[in-house]
Every structure is written in C-alpha cells, then in structure tokens.
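Notes follow the structure.
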Amino acid sequence: MTDPAAASPTFHPATTRDIFAIAGPAMLANLTTPMLGIVATMAIGRLGDATLLGGVAMASVLFDCVFWLFGFLRMSTVAFTAQALGAGDKQELRALLPRGFIIAGVIGSSLILLQMPIAFALLTAMGGSDGVTDAAHRYFTIRIWSAPLVLSNFVMVGWLVGQARAGLALAVQIVINVVSMATTLLLVLVFDMGIPGAALAAIVAEGTGFVLGVAIAWRITGGKLTMPWSVLLEHDKLKHTVAVNRDIMIRTAALIAAFLFFTAQGARAGDQILAANAVLNNFLLISSFFLDGLATAAEQLCGRAYGARNRIGFASAVRLVVQWGFGFAVVLSAIYALGGAALIDAMTASADVRMLAREFLWLVALAPVLGVFAFAYDGVFIGATWARDMRNLMVLSLLCFLAAWFALRSWGNAGLWAALLVHYIARGGLQAIRYPALLRKTFS
C-alpha cells in the first residue's frame with residue numbers, strides 16, 4: 001500500500017464549498033427517498049383494499065429496518081474509499097468496489113436463502129391481522145430478491161461519495177427512485193398486478209440503479225473494474241473490512257433498538273398518542289435529512305484527511321461540519337417553535353391528535369440543536385473508521401436512553417420524548433468527549 005504520508009503534501013484542507021459539494025446532493029437524495037413510500041401507498045391505496053395497503057405498509061417498514069441494519073456497506077465504503085483517495089492508493093481505490101460487491105452479494109444471497117424464517121419472525125413480531133400479514137408476506141417474498149441489488153447499490157453510492165463524486169451518487173439514487181415510482185404506477189394501476197407489481201417495481205428499480213452505477217464506475221476507472229482475487233481477498237484488508245462493518249452493524253442495531261422501543265412505548269400509550277408521535281416524528285425526519293447530509297460530508301472529508309495523515313485538515317473538516325450543523329439546527333428549531341403548530345394542522349385533521357402533538361412540540365423543537373453532535377460525530381467516526389469506539393458509545397447511549405425512560409416514565413409521553421432527547425445528547429456528547437483522545441492517538 002502507498003505510504004499515506006507521501007500523499008500529505010498534495011492534500012487540501014476542506015472548505016465550505018467542499019462541505020456542500022457533498023452535503024448538498026446527500027440532502028437532496030434524502031428528500032427524494034420518502035416519495036417511494038408515498039407513491040407505493042397511493043398506488044396500492046387506489047385498489048380500495050385496506051388489507052393490501054396495510055400489508056405493503058407493514059412489509060415496507062420491515063425492509064426499511066432490515067436494509068438500514070446493513071447500511072454499514074455504504075458508510076464503510078465511503079470511509080475506506082476516502083482514505084484510499086487521501087493516501088493516493090489507486091489500486092485499493094479500484095479494489096474497494098468489487099470487494100464491496102462480494103460482501104453485498106454474500107449478505108444479500110443469505111437473506112434470500114433465509115427469507116422464510118426471517119419473514120415468519122418479523123411478521124409475527126409485528127402482530128398484524130391475518131389478512132394484513134398474508135399481504136405483507138406476499139410482498140416480502142418477492143421484494144427480498146432485490147436484497148443483493150440494494151446492498152450492492154449501497155456499496156456503489158458509498159464508493160462514489162468517498163471520491164467526492166456526490167453528484168453522480170445522487171444521480172444513481174434519483175434514477176432508482178424515479179424508476180421505482182414509475183414502475184410501481186405502471187405495474188399496479190395499468191397492468192393491475194397488485195402487491196406483486198409493487199414488489200417487482202422495487203427489484204426493477206434497484207437493478208436499473210445497479211446497471212447505471214456499474215456503467216459510471218466503468219467510465220471512471222477506464223474499464224478497469226476487474227481485480228485479481230489475491231487483491232480482493234487480501235487477508236489483512238478483508239479482516240479489517242469485516243471488523244469495521246461488524247462494529248458499525250452493531251452500532252446501527254443499537255440505534256434501531258432505541259427507535260423501536262420509542263415506537264413501542266408510544267403504541268402502548270394509546271392510539272391517539274401513537275398518532276401524535278407519528279406526526280411529530282416527521283419533524284425529526286426532516287431534521288435528519290439536513291444533518292445526515294452534513295454527516296455524509298464528514299465521512300468523506302475526514303476519511304480523506306485520515307488517509308493523507310493530515311491532522312490539520314481532519315480537525316478543520318470536523319469544525320466546519322459542526323458549525324454548519326448548528327447553523328441548520330438553529331434554523332430548524334426556530335421553524336418548529338414558531339411554525340410547528342401550523343405544520344401539525346397540515347399533517348392531521350384530528351383535533352385530539354393536533355392537541356396532543358402541540359403539547360409535546362417544544363420537546364421536538366429542541367431535537368435539531370441537541371442532535372448536532374450526534375450526527376456530525378457519527379460522520380467523523382465513520383470517516384476515520386473509529387468503528388469500535390462508535391459501537392461501544394452507541395450501546396452506552398442506548399443504555400442512557402433506557403435509564404432516562406425508566407426514571408421519567410411517570411411523565412408519560414413527555415418522559416418518553418425527554419428520554420429520546422437524552423439519547424441524542426448521549427450519542428453526540430460521548431463521541432465529542434472521546435474525540436480528542438482518538439485524534440491524538442490517530443495522528444500521533
């Protein structure tokens with residue numbers, strides 16, 4: 001491997017323009033993603049069968065969680081690619097894509113082979129009616145065949161973002177989304193294929209995105225996509241890749257657990273509380289679109305500085321991401337505080353749900369500001385592949401969340417939201433505290 005120090009003299013510290021060259025497309029990609037669920041819901045909803053609609057909605061949530069669990073393929077690929085770019089290691093830069101495809105293919109194929117027990121366990125846990133569960137099962141057993149393509153597209157997008165080619169990554173994601181929406185409408189409403197049509201549309205869209213991504217990669221590498229197996233399966237690199245991916249996966253599982261626990265507790269509080277929390281969760285979702293885009297910029301810029309062994313460039317990228325994160329967060333919190341009631345009214349017509357949502361709005365308005373460190377340092381830790389520390393701190397944050405909920409459970413739903421804010425604070429605060437020691441150790 002090329003000596004990382006050799007690339008340092010050509011390294012240029014990050015600027016605001018660099019931040020938004022990556023964060024901007026990432027934010028746009030985040031904003032387009034919810035359209036998939038909206039179009040699928042609209043298409044199935046027009047069939048006039050609430051059971052079918054509930055089944056697709058349930059299965060879609062399950063796929064969101066399953067694929068989110070394997071989001072480490074995108075995150076680690078961004079980090080490793082950016083590090084290879086900063087180190088000037090062209091061979092490793094090329095090898096990362098097919099190596100990632102191998103891992104994605106193995107995981108995706110395993111999900112297909114294990115689809116029956118996975119579907120049984122997940123659908124049983126969801127506890128839907130027989131009709132809804134049957135519809136969800138039909139959707140699940142078809143869409144699961146997209147798993148290798150979905151995970152390979154995670155790798156592709158990560159590889160492009162890692163090279164600061166966020167515009168191309170955005171193009172791939174937009175094509176996937178547009179094809180998915182168009183094919184869903186065609187197969188469900190025109191060809192009257194119902195649930196199988198909606199599931200097939202996802203496979204077609206992911207396949208189209210994969211073909212486009214490979215074509216882009218072929219152009220970037222000048223047709224040099226193949227690598228010797230000895231390079232792809234080099235023991236030390238493969239071992240390091242698996243270790244980082246394992247730790248990020250555990251970290252993601254801990255994060256999913258926190259949000260599933262939050263949702264479950266809201267459901268136990270009654271239908272109106274559940275509905276109010278669902279409305280307020282949209283505020284968190286909007287915040288994450290922007291803050292996660294900045295985290296993506298941190299992954300690439302910090303990874304590139306890490307590969308170049310440039311401490312000054314690394315630290316400056318961290319400062320810029322945190323500063324812009326607070327800038328966006330303050331604006332979002334102000335919008336929620338001043339205009340949140342109007343947004344709530346636009347989301348629901350139920351007077352009771354509106355009243356409950358407004359009661360907890362002030363807690364939600366605090367979330368963007370309190371979550372800045374959580375998102376920013378996630379990107380920093382991923383870029384530097386400090387995955388073990390990230391894993392440990394996320395598990396500790398989950399314990400803080402559960403402890404806070406236990407201590408505040410007498411407050412009802414307000415205590416639940418307060419516990420979630422504690423989780424945000426713990427995630428970001430613990431990583432911020434750990435950051436200086438890791439910085440000194442990495443760039444000693």
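The values are calculated or read from the model by the stated rules, or taken from the named source; none is laboratory data. These numbers come from a predicted model, not from an experiment. Heads up, the Cβs are rebuilt from the backbone with ideal geometry, glycines too, and the neighbour counts pull from every protein chain shown. All accessible areas refer to the heavy atoms of the entire protein, side chains included, with ligands and DNA or RNA removed. Shrake-Rupley method; radii C 1.70, N 1.55, O 1.52, S 1.80 Å.
Numerical summary
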{"quantity": "Given (1) part of a helix (DSSP H, G or I); (2) surrounded by fewer than 17 Cβ atoms within 10 Å (Cβ to Cβ), number of the condition Leu225 does not satisfy", "calculated": "(1)"}
{"quantity": "Which listed residue is modelled with pLDDT under 95 and within 16 Å of Leu160 (Cβ to Cβ), from Ile195, Ile174", "calculated": "Ile174"}
{"quantity": "Residue list for the stretch 428-444, restricted to those being free of Cβ contacts under 8 Å to residues at least 60 places away in the same chain and in a helix (DSSP H, G or I)", "calculated": "Gly428, Gly429, Leu430, Gln431, Ala432, Ile433, Arg434, Pro436, Ala437, Leu438, Arg440, Lys441"}
{"quantity": "Scope the stretch 318-339; condition buried (at least 20 other Cβ atoms within 10 Å of the Cβ) and of a type in the set (Phe, Trp, Tyr); matching residues", "calculated": "Trp324, Phe328, Tyr336"}
{"quantity": "The stretch 347-372, residues that are open to solvent by 70 Å² or more (accessible area, probe 1.4 Å) and not charged (D, E, K, R)", "calculated": "Met347, Ala349, Ala351, Met355, Trp362, Leu366"}
{"quantity": "Residue check for Val279: closer than 21 Å to Pro25 by Cα and β-branched (Val, Ile, Thr)", "calculated": "no"}
{"quantity": "Every residue from the stretch 95-125 that is loosely packed, with under 14 Cβ neighbours inside 10 Å and part of a helix (DSSP H, G or I)", "calculated": "Val106, Ser109, Ser110, Leu113, Met116, Pro117, Phe120, Ala121, Thr124, Ala125"}
{"quantity": "Cross-chain or 6+ apart pairs with Cβ under 9 Å, the stretch 130-142 first and not hydroxyl-bearing (Ser, Thr, Tyr), then not in a helix (DSSP H, G or I)", "calculated": "Gly131/Asp49; Ala135/Asp49; Ala135/Gly128; Ala136/Gly128"}
{"quantity": "Pick from the stretch 392-412, criterion of a type in the set (Phe, Trp, Tyr) and either touching a residue at least 60 places away in the same chain (Cβ under 8 Å) or in contact with a strand residue (DSSP E or B) (Cβ under 9 Å, 6 or more places away or on another chain) (or both), ranking: least open to solvent (accessible area, probe 1.4 Å)", "calculated": "Phe401"}
{"quantity": "Any hit, the stretch 226-244, residues being within 30 Å of Leu284 (Cα to Cα), in contact with a helix residue (DSSP H, G or I) (Cβ under 8 Å, 6 or more places away or on another chain) and at pLDDT 90 or above", "calculated": "yes"}
{"quantity": "Helices (runs of 4 or more DSSP H) contained in the stretch 315-407 and holding at least 1 residues among the acidic types (Asp, Glu), under 29 Å from Phe80 (Cα atoms) and at pLDDT 95 or above", "calculated": "372-383"}
{"quantity": "Inter-residue pairs, beta-carbon under 8 Å, first touching a residue at least 40 places away in the same chain (Cβ under 8 Å) and of a type in the set (Val, Ile, Thr) and in the stretch 181-208, second in a helix (DSSP H, G or I) and open to solvent by 60 Å² or more (accessible area, probe 1.4 Å), 6+ apart", "calculated": "Ile195/Arg138; Ile203/Trp145"}
{"quantity": "Of residues in the stretch 163-180 being in a helix (DSSP H, G or I) and either touching a residue at least 60 places away in the same chain (Cβ under 8 Å) or in contact with a strand residue (DSSP E or B) (Cβ under 6 Å, 6 or more places away or on another chain) (or both), the one nearest to Gly209 (Cα to Cα)", "calculated": "Gln173"}
{"quantity": "Top-ranked residue in the stretch 263-280 [being open to solvent by 50 Å² or more (accessible area, probe 1.4 Å) and of a type outside the set (A, V, I, L, M); ranked as nearest to the chain's Cα centre (by Cα)]", "calculated": "Thr263"}
{"quantity": "Among (1) in contact (Cβ under 8 Å) with a residue 24 or more places away in the chain; (2) over 24 Å from the mean Cα position of the chain (by Cα), the one test that Val244 misses", "calculated": "(2)"}
{"quantity": "Matching residues in the stretch 240-262 - criterion: being surrounded by 16 or more Cβ atoms within 10 Å (Cβ to Cβ) and not hydrophobic (A, V, I, L, M, F, W, C)", "calculated": "Thr241, Asn245, Asp247, Arg251, Thr252"}
{"quantity": "The stretch 285-315, residues that are closer than 15 Å to Thr385 by Cβ, out of contact with any Ser or Thr (no Cβ under 8 Å at 6 or more places or on another chain) and either free of Cβ contacts under 8 Å to residues at least 12 places away in the same chain or open to solvent by 10 Å² or more (accessible area, probe 1.4 Å) (or both)", "calculated": "Arg304"}
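Every residue, every condition in (1) under 27 Å from Ile118 (Cβ atoms); (2) of a type in the set (D, E, K, R); (3) part of a helix (DSSP H, G or I); (4) touching a Ser or Thr at 6+ places or on another chain (Cβ under 7 Å), yes or no:
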position: Ala21; (1), (2), (3), (4): no, no, yes, no
position: Ala43; (1), (2), (3), (4): yes, no, yes, yes
position: Thr51; (1), (2), (3), (4): yes, no, yes, no
position: Val56; (1), (2), (3), (4): yes, no, yes, no
position: Leu62; (1), (2), (3), (4): yes, no, yes, no
position: Cys65; (1), (2), (3), (4): yes, no, yes, no
position: Trp68; (1), (2), (3), (4): yes, no, yes, yes
position: Thr81; (1), (2), (3), (4): no, no, yes, no
position: Leu93; (1), (2), (3), (4): no, no, yes, yes
